[in-house]
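Following: one structure in structure tokens, then a few remarks.
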């Protein structure tokens with residue numbers, strides 16, 4: 001399993017180094033950015049699961065970075081941190097899409113705890129999305145099979161009645177009805193097209209819906 005990637009954005013180098021050291025010791029892949037501008041560039045050029053972001057920075061402040069991240073990368077979680085914590089600023093951060101809020105100076109345990117909770121929430125959201133996608137795929141396939149089954153009923157009925165008619169004529173010594181034979185040939189072609197569609201459906205593989213789960217082959221699952 002790949003390490004979860006965290007970007008820490010702050011204009012204070014000691015804070016950046018502190019966070020990087022602690023988070024790496026706890027098994028995360030960590031990048032740092034000095035200031036909002038550098039942070040936004042890294043977000044654009046790379047992929048992250050979580051951003052830990054200082055509120056008060058020169059040029060581009062934390063709330064601007066947060067809003068940009070949530071607009072362009074809504075699945076990336078953000079934790080805000082500041083030395084000037086107030087209820088109003090916490091509410092503003094949450095409304096803009098932040099997961100949580102750390103007030104400086106914070107304890108190592110506080111940092112690790114909020115990061116773990118945040119990433120666990122992100123993992124659960126991904127699992128739910130994958131499960132929904134798999135349900136959607138199976139529902140689509142089921143509806144297609146129902147439709148094709150309905151489509152097959154008509155040509156089968158025509159073929160059965162045509163064969164019965166031809167058998168009756170043969171028993172009576174009469175020549176086969178050419179029109180009926182053409183109709184039967186047409187329905188045979190239609191059945192062939194439907195069977196080709198069914199063959200394509202059986203080749204569809206559903207996407208992976210939880211980490212570590214193999215792709216599901218409908219040919220295999222249909223035999224269980």
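Laboratory data are not the source of any read-out in this text; all were calculated from the coordinates shown. Only a predicted model underlies this, so the values are computations on that prediction, with no experimental measurement involved. All Cβ positions, glycine included, derive from the backbone under ideal geometry; neighbour counts span all protein chains shown.
Going by C-beta contacts inside 10 Å, put 99, 73 in order with the fewest on the left.
Starting with the residue having the fewest Cβ neighbours, the order is 73, 99.
For residue 67 and residue 25, the difference between the fully extended length at 0.36 nm per residue and the C-alpha to C-alpha distance is 12.2 nm. Cβ crowding within 10 Å, taken as a proxy for footprinting-reagent exposure, orders 81, 94, 134 from fewest neighbours to most as 94, 134, 81.
Give me the tail of P(r) for the stretch 5-106 as a percent: Cα-Cα pairs with distance above 15 Å.
56 percent
Averaged over residues, the count of other Cβ atoms within 10 Å places the peptides 12-19, 65-72, 47-54, 33-40 in the sequence 47-54, 33-40, 65-72, 12-19, highest first.
Ordered by the number of other Cβ atoms lying within 10 Å of each residue's own Cβ, fewest first, 84, 28 fall into the sequence 84, 28. Applying 0.36 nm per residue to the separation of residue 41 and residue 186 and subtracting their alpha-carbon distance, the gain on full extension is 46.0 nm. At an R0 of 35 angstrom, the distance between the Cβ atoms of residue 59 and residue 120 translates into a FRET efficiency of 0.55. Of interest is the spacing of the C-alpha centroids, which for the stretch 59-77 and the stretch 10-26 amounts to 20 Å.
The modelled label-to-label distance for the pair residue 34/residue 87, using points 7 Å beyond Cα in the direction of Cβ, is 3.9 nm.
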